[in-house]
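The values are calculated or read from the model by the stated rules, or taken from the named source; none is laboratory data. Everything numeric here is computed off the predicted structure, so don't read it as measured data. Please note: Cβ atoms are built from the backbone with ideal geometry, for glycine as well, and neighbour counts cover all protein chains shown. Keep in mind that these areas ignore ligands, DNA and RNA; they rest on the heavy atoms of the full protein, side chains included. Shrake-Rupley method; radii C 1.70, N 1.55, O 1.52, S 1.80 Å.
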Amino acid sequence: MDSPGATLGLAVSGGGDSLALLLLARAALPGRVKAATVDHGLRPESADEADRVARYCAELGVAHTTLTVSVARGNTQEQARKARYAALGDWAKENDLGALATAHQMDDQAETFLMRLNRGSGLAGLSAIRALGSVPSAPVRLVRPLLRWRRDELAAIVERFGWSAVDDPSNHDDRYDRVRMRRALAECDWLDISAIEKSAGFLAEANDAIEWMVGREYAECVTPVDDAVCYAALRTGVPHGLIRAGVIRTIYRRFGKSIGQGEAAELADSLVAGRKSNVGGLQAHVEDRGGERLWVFRPEIPRRTG
């Protein structure tokens, strides 16, 4: 937290990891923590589980709030995540909290890394869970202080304190990728969870370095001209497709549009070859101006209908 006297908000679901977070944070920052439990209303037991967390917080003298949310239709876990962070972000702002802490730990990190690896994710995806970030759609710092802890270690803390953790049935439902990955990891005793966590950390550092290079390339080589944006892609001699694709993605965001890393890399290849392209609502072509080759991006002209 930026301010030495700031209050830390804790997201406490009632599971073993989050109860351990509550105990550890209260011991480390006495009088400077508040807790919130999000009740998604997806199970009949959820209100009672939130009440259990409230009782545990009262036992420690920690202020607690239950946040009730509605989950939109669609992918249940993803929609629940969006609703949860929106509620926690609002709660953190209303209480002027210095940061919000979640209880993600080393096993979560390994599961996320392997799930994304199995999906063919790029570098940003394989960077997995970061220790520092921000709450989605809220100007609140997000911290994950337990990434070097194992799930069993945190469960032991809660057990020694005599508390009973919530056992969410979804954690045993094979329909979810994470549950299947968790079971696969449990059966593979030859996999080193701590080594996977280290690899995710190294990839996060590499991704940060590439993002810095993208930012520098954008600042030095991209210029807005009237309704277009010009990218002098050959100016600095950066040959790597990752950098050029990252700059293209940044240009798209400038126009309020989005493009995937793979699409951006393909677009860069087309422009290197001198081909004009229309992708994701933008037109891109090559021009030579003032002795320099430019990649020019502008909104597509709407097609006439009828």
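Of the residues Lys257, Lys276, which is more than 26 Å from Ala131 (Cα to Cα), under 21 Å from the mean Cα position of the chain (by Cα) and charged (D, E, K, R)?
Exactly one residue qualifies, and that residue is Lys257.
Cβ-Cβ distances below 6 Å connect the following pairs, each with a first residue in the stretch 131-143 that is within 19 Å of Leu21 (Cβ to Cβ), a second residue that is open to solvent by 20 Å² or more (accessible area, probe 1.4 Å) and part of a loop (DSSP other than H, G, I, E, B), and a separation of six or more residues or different chains: Ala131/Arg144. Can Leu234 be described as modelled with pLDDT under 90 and in contact with a strand residue (DSSP E or B) (Cβ under 6 Å, 6 or more places away or on another chain)? When the stated conditions are applied, Leu234 passes them.
Which residues, taken from the stretch 267-289, are acidic (Asp, Glu) and touching a Cys at 6+ places or on another chain (Cβ under 9 Å)? Across the stretch 267-289, the qualifying residue is only Glu287. Taking the stretch 161-186 as the range and being open to solvent by 70 Å² or more (accessible area, probe 1.4 Å), under 17 Å from Phe113 (Cα atoms) and not basic (Lys, Arg) as the test, only Ala186 passes.
The residues of the stretch 112-130 that are of a type in the set (Gly, Ala, Ser) and open to solvent by less than 50 Å² (accessible area, probe 1.4 Å), listed by number, are Ser121, Gly122, Gly125, Ser127, Ala128. Could you tell me whether any residue of the stretch 200-213 is open to solvent by 60 Å² or more (accessible area, probe 1.4 Å), over 23 Å from the mean Cα position of the chain (by Cα) and not β-branched (Val, Ile, Thr)? No, the stretch 200-213 contains no residue that is open to solvent by 60 Å² or more (accessible area, probe 1.4 Å), over 23 Å from the mean Cα position of the chain (by Cα) and not β-branched (Val, Ile, Thr).
Give the number of residues within the stretch 232-270 that are in a loop (DSSP other than H, G, I, E, B), in contact (Cβ under 8 Å) with a residue 40 or more places away in the chain and open to solvent by 40 Å² or more (accessible area, probe 1.4 Å). Total satisfying the criteria: 3. Residues in the stretch 142-154 that are open to solvent by 50 Å² or more (accessible area, probe 1.4 Å) and in contact with an Asp or Glu (Cβ under 8 Å, 6 or more places away or on another chain): Arg148, Arg150, Arg151. Screening Tyr218 on (1) touching a Ser or Thr at 6+ places or on another chain (Cβ under 8 Å); (2) open to solvent by 60 Å² or more (accessible area, probe 1.4 Å) shows it passes everything except condition (2).
This table checks each residue for (1) of a type in the set (Gly, Ala, Ser); (2) out of contact with any Leu (no Cβ under 8 Å at 6 or more places or on another chain).
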residue: His64; (1), (2): no, yes
residue: Leu67; (1), (2): no, no
residue: Lys93; (1), (2): no, yes
residue: Leu100; (1), (2): no, no
residue: Ala103; (1), (2): yes, no
residue: Leu117; (1), (2): no, no
residue: Gly120; (1), (2): yes, yes
residue: Ser137; (1), (2): yes, yes
residue: Val143; (1), (2): no, no
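Within the stretch 160-196, being hydroxyl-bearing (Ser, Thr, Tyr) and either more than 24 Å from the chain's Cα centre (by Cα) or under 30 Å from Ala58 (Cα atoms) (or both) holds for Ser164, Ser170. Listed by position, the helices (runs of 4 or more DSSP H) enclosed by the stretch 136-231 that each have at least 2 residues that are aromatic (Phe, Trp, Tyr) and at negative phi are 193-221. Got a number for residues in the stretch 220-265 being among the acidic types (Asp, Glu) and in contact with a Leu (Cβ under 6 Å, 6 or more places away or on another chain)? Residues flagged as among the acidic types (Asp, Glu) and in contact with a Leu (Cβ under 6 Å, 6 or more places away or on another chain) within the stretch 220-265 amount to 0.
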